[in-house]
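See structure below.
The values are calculated or read from the model by the stated rules, or taken from the named source; none is laboratory data. Note that the structure is a prediction, hence the values are computed from the model and not measured. Neighbour counts run over all protein chains shown; Cβ positions are idealised from the backbone, glycine included.
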Amino acid sequence: MSVKPKTIDDLGPEVSLDYINNQKRSGDLPVQEGHFVANSTTVHPHAPYQPTWADFQLRYGTNRHNEPWADFLPPPGYFASLKGLFTYQLIPSMGGAEKQEMLLEKLERMRKRKKKKKEQSEKPFSMDDKEEEGERSAIENLLLLLQKLDKDLQLVNMLRNQYHKG
């Protein structure tokens, strides 16, 4: 059971007639809500006005991006957080999937090289080696988790964009 969407063509002539009658009733009266217009958008009616791009920016604030409204200074790093909420990566500064994959491969090569070195020297693992191995595995786990979360974020963005497109 699908509902056919209504367009202006499907409304019929009575809607247009109602609109015409409403226009006749209201007439050409001046707008009564004129005091709600912001002063920055009004121009004196007797002065010649030739707008420039700078004047437009000044009046409508198009040159002010992310201007805070508070009287106090923003915390450090505030403006860096104003980037798009829906980015394609969780931490863009970590690089793309290729760079993260390259880092994982590099960590694996380092692990193999260290293991081969240990087998040749036959020394027992020291605390530094165990700590280094723990750090290496923590970094690997972080990169794997970031890859998984980036894929989830891409899915969320895809579904969000699908919703916005209708």
Handout entry: Any pair with Cβ under 8 angstrom, 6 or more apart, that starts in region 142-161 at a residue that is more than 13 Å from Ala97 (Cβ to Cβ) and ends at one that is among the hydroxyl-bearing types (Ser, Thr, Tyr)
Key = Asn157/Tyr88
Completion exercise
Flagged pairs (Cβ under 8 angstrom, 6 or more apart or on separate chains; first in region 8-23, in contact (Cβ under 8 Å) with a residue 12 or more places away in the chain; second among the hydrophobic types (A, V, I, L, M, F, W, C) and not in a helix (DSSP H, G or I)) are none
Handout entry: Residue check for Asp129: touching a residue at least 12 places away in the same chain (Cβ under 8 Å) and more than 27 Å from the chain's Cα centre (by Cα)
Key = yes
Problem - Test result for Ser26, at pLDDT below 65 and hydroxyl-bearing (Ser, Thr, Tyr) - result: no
